[in-house]
Amino acid sequence: MNLKQLTFTSGFTGSPIFLQNRIVSATCKLSAICRLWTISVFMVMGLSTPGQAEITSLDSANIDEVLSKIKCRFSQMLHPIFEEASNVVREEFPDMKQVVFARVDCDQHSDIAQRYRITKYPTLKLFRNGMMMKREYRGQRSVAAIADFIRQQQVNPVKEIQSMEEVNTLDRSKRNIIGYFEKKDSENYHTYEKVANILRDDCMFSAAFGAVSEPERFSGDNVIYKPVGESVPDMVYLGSLTNFDLTYAWAQDKCVPLVREITFENGEELTEEGIPFLILFHIKEDTDSLEKFQHEVARQLINEKGSINFLHADCDKFRHPLLHIQKTPADCPVIAIDSFRHMYVFPEFKDLTVPGKLRQFVLDLHSGKLHREFHHGPDPTDSTPGQEETVGEVASNPPESSFQKLAPSENRYTILRDRDEL
């Protein structure tokens, strides 16, 4: 199977086809990507041609030779693997409506790179039902690994419930959404299945049909959310199941927590979002501190969502960042900000519930106050007699960012640009 080279102009005629190498089609336009969105899985590979370290003079005699040699070596290395993986997958899933592999030269189409926030090359993005999945492919760069990833994506994320007794055996340590439908071949269930495919990494989805689901369909098809924990009450979806946008928004709100856990597996992904971390370090078994932190984030910082990531981390697993701020697991719970340049410690965990205290800590980051005080001591309006010398000693040696080390490696990617960080 040939690998598609997408070329975008200003219109579209005909159905999507695979074009080899860099063949340009005047009929393939920006709306082509919209056409591909109807396909179950769509992968985009960013290709770059970064400039050389020194300026080269070009003329008509050498321009073709020079430009042909300027390529991103990581994209070059991945391209034959990506193409072979597409061949393997096509043999297993010959229906073009199931899986499409495609690539975009982001130097030629910088608007696409900006639209999908491509910051490094090569990048493998997954599209499902017209939406770009938040989690890109970051696994092993081999034919077997990429093909296996697609196989996993083709598995139906909705588990069918055969008896209502199964509901009582659900894993309550995970977020569960259960749909009760009269029949599987219905618009309501098709909407539910579409939502489940998009949020398959964030929630466990189940569904019951016909006579099995009848006790829960007293007012028609019904969807409920079971939060983590045995004693937490269920939440019922009250919107229209034929409205995908409403159903997806409701499910996303339930499946994607405001405070997420950072692990070594998702650290690169979270770091690449490019916004600072507000992190609670806590002992894994200390759920009380986590609940307090979650409550105060929701109470004080809900309007800051999008400007800072709210995270929690296992103290034992993340000992190194703690040592970086002169803490150990014995000091947990500890709250800190990592701006990707410095780390700043929230003075006292017991002050977490003081109205506005946590919010001010975050606002001081955005205003630059935390950064200034680390380097120059407290602002004149904040200093008190006898405090300047002590604070000045601390300010002279601020701890550097620890989580920046989890960012995408230059040994694996060509980084498109550096970020401006606090």
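The values are calculated or read from the model by the stated rules, or taken from the named source; none is laboratory data. Please read all numbers here as calculations on a predicted model, not as lab measurements. Note that we place each Cβ from the backbone using ideal geometry, even for glycine, and neighbour counts take in every protein chain shown. Accessible surface is based on the protein model in full, side chains and every heavy atom, while ligands, DNA and RNA are left aside. Shrake-Rupley method; radii C 1.70, N 1.55, O 1.52, S 1.80 Å.
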Cα-Cα over 26 Å: which of Lys305/Lys357; Lys125/Lys184; Lys125/Lys254; Lys125/Lys305; Lys284/Lys305? Lys125/Lys184
Accessible-area order (highest first, 1.4 angstrom probe) of the listed residues Met343, Met132: Met132, Met343
Please compute the net charge surrounding Met164, taking Lys and Arg as +1 and Asp and Glu as -1 over other residues with Cβ under 15 Å from its Cβ. -3
Expressed as a percent, the accessible surface of the range 158-255 that is carbon or sulfur, using a 1.4 Å probe and the full set of protein chains, is 48 percent
Measuring from label point to label point, each 7 Å out along Cα→Cβ, what is the Ala145 to Gln76 span in nm? 2.1 nm
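Given a 1.4 angstrom probe, I'd like the percentage of the accessible area of the range 69-130 that is carbon and sulfur, rounded to a whole number. Before the final figure, lay out each step's value.
Values: 1350 of 2810 Å².
That share works out to 48 percent.
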Under the 0.36 nm per residue contour assumption, what length would be gained going from the current alpha-carbon distance of Val354 and Arg299 to full extension? 18.7 nm
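Take the Cβ-Cβ distance between Gln114 and Lys134 as r, set R0 to 25 Å, and report the resulting FRET efficiency rounded to the nearest 0.05. Mind dumping the intermediate values first?
Working: r = 17 Å, r/R0 = 0.70.
That pair, Gln114 with Lys134, gives E of 0.90.
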Per residue accessible area in Å² of the range 158-255, where ligands, DNA and RNA are left out and the probe is 1.4 Å: 52 Å²
